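The values are calculated or read from the model by the stated rules, or taken from the named source; none is laboratory data. Keep in mind the model is a prediction, meaning the values are calculated, not measured. When we count neighbours, we look across all protein chains shown, and the Cβ atoms used for this are built from the backbone with ideal geometry, even at glycine.
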C-alpha cells in the first residue's frame, strides 16, 4: 500500500512540474509583423521582376554579369548589352505571386480549415489553363479528369512531381505562420500535394520554414538551418542543401560552390522536359540556388538577388524566394528604396480577373495575409495583448518537426 502511494505521489509531482512549466513566447508588435509581411510580399515581387529577363536563358551556365537595376531583354542575344535598363510601373503579373493570391483568396473565403479539394476546385474555376506550367499544369489537367488532391500531385498521375512549382508558391504558408514551422508544414503538406510530391513538396516546406523564423532572425545561416530542419534529413532535397552549406564553409567564392553543385547534382532533373538536358526545373537544384543567394548574399539585398539570379535556370523564381525571405527578415522598411519604389503600391492582375481587380492594392494583400496570420497564432495557443495602445503578438515557441514518412518520386 505504501509503495503504491509513493509511486502515485511521485507521478503526480512529475505531472504537476510538467504542467506548471510556462509556455515560452516570441513577441512581435502587430506593426512590425505587418512591416515584415509587406517585406515578404515586396521581396518576392522585386526578385521575380529583377530576374525575369534572364529566366532559363542560362541553363547549366552561370550568368556572366550582375544587374544593378531592373532590365528587359531585347531578344537579340545574351550579352550584357542586350539587356536594357528600365523602371517598372508596379509589380507584374507573375505565377510566383498570382498562384499565392489564389491560395489567399481560398483561405479568406473558406477559412483556415480550407481543404485541398476546395482549393483545387477554385483553381479549376478561376485559373487560366494557359497561365500555369509543369507540375501546376499537370495538376490542372488532373482536375479536369476528376483526379483530385493528393493524387493530382502524385507521380502516378503527375510526371512533374519533383518540379519547382510548389516551391515558388509556398512563401504564403510561411508568411501566415510567423514562428510556427509546424503550422507552415501542415499547410505545405495539404497544399503542396495538390501539384507536387516528395522533394517537390519538401522544397515548399523548406522555403516556408525559412520564412517562419525570418520574422525573428537576421542571421541568414540560422534561417537556412531552420528551414532545413523542417524536411526529412534523409531526403535528396536535404542532402543538396547540406552540400551547399558545406561548400559555403569551404569556398568564399560562390562560383566554386556553383561548380561543385553542377558536377554532383546538375543531371538529376526528372522533369520530362529536362531529363538528360541542360534545362533544369528540379526543386532541389533551384532550391540550392536560393540558398546560395542567401548565404553568399550575407544579408545584402542587391547581392542576394544577383547571386540567386546568376546561378541561372529558373532565375526569376529563385531570387523571388530569396528576396522574399530576406525581405521578411528586413521588413519593407529595410528594403532599399531603389528596389521597392518601382513596385509602386499595386500588383498588376491579368490571371484572375474574376476575383481581383486589374490593379490589386498591395496593402490589401498584406492586411489579409496578416489577419490570417493572427488567426493561426491564436489557433496554436498564442495570445494577442494590448500594451500602451499597441497590439503585441505573443507566439508560442515552436520547433520544426519534419514529416515522418519519406516520399520519393519513382517512375
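Tabulated data for the structure shown
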read-out: The range 154-176 - residue that is over 18 Å from the mean Cα position of the chain (by Cα) and either free of Cβ contacts under 8 Å to residues at least 60 places away in the same chain or within 28 Å of residue 371 (Cβ to Cβ) (or both) and, of those, surrounded by the fewest Cβ atoms within 10 Å (Cβ to Cβ); value: 156
read-out: Verdict on residue 141 being modelled with pLDDT under 95, farther than 30 Å from residue 332 by Cα and surrounded by fewer than 17 Cβ atoms within 10 Å (Cβ to Cβ); value: no
read-out: Matching option when the condition is within 27 Å of residue 129 (Cα to Cα) and at pLDDT 95 or above, among 293, 297, 312; value: 312
read-out: Matching residues in the range 303-322 - criterion: being touching a helix residue (DSSP H, G or I) at 6+ places or on another chain (Cβ under 7 Å), in contact (Cβ under 8 Å) with a residue 12 or more places away in the chain and part of a helix (DSSP H, G or I); value: 304, 305, 307, 308, 309, 317, 318, 319, 320, 321, 322
read-out: Single match in 365, 355 (criterion: assigned to a loop (DSSP other than H, G, I, E, B) and either surrounded by 12 or more Cβ atoms within 10 Å (Cβ to Cβ) or under 23 Å from the mean Cα position of the chain (by Cα) (or both)); value: 355
read-out: Residue within the range 82-90 that is in a strand (DSSP E or B), over 18 Å from residue 343 (Cα atoms), touching a residue at least 24 places away in the same chain (Cβ under 8 Å) and within 24 Å of the chain's Cα centre (by Cα) present; value: no
read-out: Residue check for residue 206: in contact with a strand residue (DSSP E or B) (Cβ under 9 Å, 6 or more places away or on another chain) and at pLDDT 95 or above; value: no
read-out: Filter pass, residue 347 being in contact with a strand residue (DSSP E or B) (Cβ under 6 Å, 6 or more places away or on another chain), touching a residue at least 12 places away in the same chain (Cβ under 8 Å), more than 30 Å from residue 51 (Cα to Cα) and surrounded by 21 or more Cβ atoms within 10 Å (Cβ to Cβ); value: no
read-out: Matching residues in the range 99-115 - criterion: being without any contact (Cβ under 8 Å) to a residue 60 or more places away in the chain and surrounded by fewer than 20 Cβ atoms within 10 Å (Cβ to Cβ); value: 109, 110, 111, 113, 114
read-out: Residues of the range 116-133 that turn out to be surrounded by fewer than 13 Cβ atoms within 10 Å (Cβ to Cβ) and assigned to a loop (DSSP other than H, G, I, E, B), as a count; value: 1
read-out: Within the range 246-269, tally of residues that are surrounded by fewer than 19 Cβ atoms within 10 Å (Cβ to Cβ) and either at pLDDT 95 or above or in contact with a helix residue (DSSP H, G or I) (Cβ under 9 Å, 6 or more places away or on another chain) (or both); value: 15
read-out: Hits in the range 270-287 - residues which are surrounded by 15 or more Cβ atoms within 10 Å (Cβ to Cβ), more than 23 Å from the chain's Cα centre (by Cα) and farther than 13 Å from residue 61 by Cα; value: 275
read-out: Residue check for residue 377: touching a residue at least 24 places away in the same chain (Cβ under 8 Å), surrounded by 18 or more Cβ atoms within 10 Å (Cβ to Cβ), in contact with a strand residue (DSSP E or B) (Cβ under 7 Å, 6 or more places away or on another chain) and assigned to a helix (DSSP H, G or I); value: yes
read-out: Single residue of 34, 67, 42 found to be in contact with a helix residue (DSSP H, G or I) (Cβ under 8 Å, 6 or more places away or on another chain), surrounded by fewer than 24 Cβ atoms within 10 Å (Cβ to Cβ) and assigned to a helix (DSSP H, G or I); value: 34
read-out: Filter result for residue 324 (modelled with pLDDT of 95 or more and either at negative phi or surrounded by 14 or more Cβ atoms within 10 Å (Cβ to Cβ) (or both)); value: yes
read-out: Test: residue in the range 153-165 that is closer than 22 Å to residue 45 by Cβ, out of contact with any strand residue (DSSP E or B) (no Cβ under 8 Å at 6 or more places or on another chain) and either modelled with pLDDT of 95 or more or not in a helix (DSSP H, G or I) (or both); value: yes
